[in-house]
Amino acid sequence: MSALISTAPPSLAAVFAQHWPAYLAAHGTRIPPQHRHAARAIMQCRTPELGSVFYRCDCGKVEARPVSCGHRACNGCGQHKSMEWEARQKARLLPVPYHMVTFTIPAEFRALFRANQELCYDLLFRESAAALSTFAADPQHLGGDIGMTGVLQTWTRDLRYHPHIHYLVPGGALTDKGWIRPKDPDILVPAKPLAVHMRNRMRAALKEADFKLYLSIPSKAWKKPWNCDLRNVGSGAKAMEYVARYVQKTALDAARIIAISEQSVSYKWTHRESGEARTTSVKGMEFLRLFLQHVLPRGFRRVRHYGYLSAAAKERYERLRSLLKAGAIVLILPEKTAVCCSACGCAMTFLHALRHHRARPPPAAEPTP
Ligand SMILES: [Zn+2]
Ligand SMILES: [Zn+2]
């Protein structure tokens, strides 16, 4: 058995400290810049390298805390942002049943997506949102406009590559006659024809966007319909909590890394079907490959709002709220965890920050209507 590198709790930063040099030596210039950037940010997070933030206590004590990296791949950062996002979205929920619509890419397309993330994720968002709103607008189904909040997730619980988008959709549509509910409360639009339509849209979109890439996919891969899962999720609050976990978060919570050695990394996860707790151990380099494949292209917007939920449709959304008698939005934002004084335990107040340099520019804002 190999010796653990330290008695400190295993963390993502410790994994990178142990295994990044070998990863860098093995893959060199083939490592995409966003992966280098994420690695640097994670290794520098809360170290004196990034600088210090100073706080003052009423008891007179002044204390410094190391600056956090703020990178969205860092599992030590982003918790508060994620809670804030959830609170904002929950405040905007409409008093109707919600539906969760999930589009998943077939296995035959994973290599294409991984090698061309920016283009493919964009097409996936664009075409799935268009497929869903086209179906909703069809008088055979709802015959009106829908609103959607989509969140891109690329991982399975054990870190494999599995790109999919979850859309949270208020169950109904806005028409000239008012709000129309689906005939069957469990079926927003029919899943099977939607899956076929989605595949056809993606095929046309990829062909137009990059003909060479389009030709790299064997034609038999296009024969299968794409997987669309639609389900009624009730008030939407629980489903919003579920998607909120992915908004500012990375593929792996800090607590899930359980051991790091010179050779390997062990992490725990919960099996989706059985609910069983499982542990996976992989070589350190393999862990970094698994983890980094989920780092999104820089500035990529993982959350997108469409239809009357988009930032441009504020007035329509307000009109819909009054039509559905939703009342005024009551927003209660979560409080930030106080920084406490080491001498007396009281909450301290911010004094000033001394940043040496940022690990990355401020993140591209996800428009939150
Ligand atoms: Zn960080
Ligand atoms: Zn104090």
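FYI, it's all coordinate maths here, none of it is from the lab. The shown structure was predicted, so the numbers you read here are calculated from the model rather than taken from an experiment. Every residue, glycine as well, gets a Cβ built from its backbone with ideal geometry; the counts of neighbours run over all protein chains shown.
Taking amide H positions as placed 1.01 Å from N in the peptide plane, with prolines and chain starts having none, which residues 5 or more places from Gly51, or on another chain, fall under 5 Å of its amide H? So Gly51 has HN proximity to Val67, His356.
Just from its helices, what would the mean residue ellipticity at 222 nm be for the chain, if runs of 4 or more DSSP H residues each count -39500 (n - 2.57) and the sum is divided by every residue, rounded to the nearest 500 deg cm²/dmol? Before the final figure, lay out each step's value.
Details: 10 runs with 119 residues, N = 369.
Helices in the chain give a 222 nm mean residue ellipticity of -10000 deg cm²/dmol.
As a length-normalised measure over Cα pairs under 8 Å and 6 or more apart, the relative contact order of the chain settles at 28 percent.
Between Arg272 and Tyr214, residue separation times 0.36 nm minus the direct Cα-Cα distance comes to 17.6 nm. In the range 200-350, taking the dipole from charged Cβ atoms about the Cα centre, the farthest positive-side position among Thr279, Leu296, Thr337 is held by Leu296. Principal axis extents of the Cα atoms in the chain, from largest to smallest and rounded to whole angstrom, are 65, 54, 39.
Packing around the peptides 236-249, 181-194, taken as the average count of other Cβ atoms within 10 Å per residue, puts them in this order, highest first: 236-249, 181-194.
Here each label is just a point 7 Å from Cα along the line to Cβ, and for Leu331 and Gln140 those points are 4.1 nm apart. Straight-line cross-link reach from Lys238 at under 12 Å between alpha-carbon atoms covers these aspartates and glutamates, not counting any fewer than eight positions away in the same chain: Glu86. The charge dipole of the chain, taken about its Cα centre with unit charges on the Cβ of Lys, Arg, Asp and Glu (plus for the first two, minus for the last two), comes to roughly 420 debye.
For the set Lys212/Lys314; Lys61/Lys81; Lys268/Lys336, the pairs lying more than 32 angstrom apart at their alpha carbons are Lys212/Lys314. Projecting the Cα atoms of Trp222, Gly171, Met240 onto the dipole axis of the chain, where Lys and Arg carry +1 and Asp and Glu carry -1 at the beta carbon, places Trp222 farthest toward the positive end. With the simple model of a label 7 Å out from the Cα in the direction of the Cβ, Ala26 to Gln79 spans 3.2 nm. Could you tell me whether the range 222-369 comes out rounded, prolate or oblate from its Cα gyration tensor? Rule is a ≥ b ≥ c as square roots of the eigenvalues, rounded for a/c under 1.5, then prolate if a/b exceeds b/c, otherwise oblate. Judged from the Cα gyration tensor, the range 222-369 comes out oblate (a/c at least 1.5, b/c at or above a/b). Site pair Lys223 and Tyr242 shows an inter-label distance of 3.3 nm when each label is modelled 7 Å from Cα along Cα→Cβ. Taking the average, over residues, of other Cβ atoms within 10 Å as the packing measure, peptides 325-333, 92-100 rank 92-100, 325-333 from highest down. Under the shape rule built on the C-alpha gyration tensor, where the axes satisfy a ≥ b ≥ c, the range 65-145 is oblate, since a/c reaches at least 1.5 while a/b does not exceed b/c. Working from Cα pairs under 8 Å separated by at least six residues, relative contact order for the range 1-120 is 16 percent.
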